[in-house]
1. Under 1.5 on a/c is rounded, so check that first for the range 13-101, then, if it is not, pick prolate when a/b is larger than b/c and oblate when it is not; a ≥ b ≥ c are the square roots of the alpha carbon gyration tensor eigenvalues.
2. Using +1 on the beta carbon of Lys and Arg, -1 on that of Asp and Glu, and nothing else charged, what's the dipole of the chain about the Cα centre, debye to 20?
3. By the gyration tensor of its Cα atoms, with a ≥ b ≥ c the square roots of the eigenvalues, what is the shape of the range 1-64: rounded for a/c under 1.5, prolate for a/b over b/c, or oblate?
4. Quick check for you: with a 1.4 Å probe and neighbouring chains kept, what is the accessible area per residue of the chain, in Å²?
5. Tell me the mean residue ellipticity at 222 nm calculated for the chain from its helices only (DSSP H runs of n ≥ 4, each -39500 (n - 2.57), averaged over every residue, nearest 500).
6. Ranked by accessible surface with a 1.4 Å probe, highest first, in what order do Phe34, Phe94 come?
7. Are there trypsin sites (Lys or Arg not before Pro) in the range 84-162 that DSSP marks as loop and that have at most 13 other Cβ atoms within 10 Å, and which are they?
8. Tell me whether the range 57-108 comes out rounded, prolate or oblate; compute the Cα gyration tensor, take square roots of the eigenvalues as a ≥ b ≥ c, and use a/c under 1.5 as the rounded threshold.
Amino acid sequence: MTRRALLWWGIGLLAAGVVLGVGLGLGLSEPTGFDAGWNSFVGEHRRDAMVDFALVLNVIGGGWVAILVVPLIVIAGLVLARRWRAAVFAAACFLASAGVVQVLKNVIGRARPDDMIVSSDFGSFPSGHTANAATVALVLWLLFPRVWVAITGALWIIAMALSRTFLSVHWITDTIGGALLGAAVVLLLGAWLLPWARGRRGLDPAERVLPGGAPLG
């Protein structure tokens, strides 16, 4: 994917996520029919196995595990692989994604479903767990652009999004917004940093520049 494509996809996903959040949090006092219908459907068909699955992802995808442990594992792996610039790129994506999520949670202040199975922090939109999943998936795909990485990442995002609704801790549109925003942050930073983060590998000569525009050599 070219830098221009990364930029425009990032802008588009960011705009879609923000517009969705503003519409849901500020323009509507009640959940949408889609949200309410999905939440009711999940409540009627919830099984113990679904809850157990969701509880595992609740730990992996949020809190200190998602904020600290998972990013450090990714960053450490890249450093050990002697790809320190990729590690810097990954760290920037993780920090920026977490920041965007927290800002929007506090600005939009959407109420969570009443029938939550687990406790959670303030603000239902966007889903931080889903945004974290999208951030990890997109970082790995941009650094390792393989079909199996893309498929695995997509499945991880979908699984995390569904798990949040299995616990009724998010409306389904919260998870859509989280996926949009997490992906947008990575794509936008990728448009700026990715050629530098990848170095000379697999890049068009015109893209072998530092973020400030200086040639790599």
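The values are calculated or read from the model by the stated rules, or taken from the named source; none is laboratory data. What you are looking at is a predicted structure, and each value in this text was computed from that prediction instead of being measured. With ideal geometry, Cβ positions are generated from the backbone for all residues, glycine too; neighbour counts draw on all protein chains shown. We work out accessible area using only protein heavy atoms, side chains counted, and drop any ligands, DNA or RNA first. Shrake-Rupley method; radii C 1.70, N 1.55, O 1.52, S 1.80 Å.
1. Details: a/c = 3.71, a/b = 1.55, b/c = 2.40.
Cα axes put the range 13-101 in the oblate bin.
2. Working: 16 positive and 11 negative charges, 245 e Å.
Approximately 1180 debye in magnitude.
3. oblate
4. Details: 10890 Å² over 217 residues.
About 50 Å² of surface per residue is accessible.
5. Details: 8 runs with 149 residues, N = 217.
Rounded to the nearest 500, it is -23500 deg cm²/dmol.
6. I get Phe34, Phe94, largest accessible area first.
7. Qualifying residues, ordered by number: Arg146.
8. On the way: a/c = 4.59, a/b = 1.65, b/c = 2.78.
Cα axes put the range 57-108 in the oblate bin.
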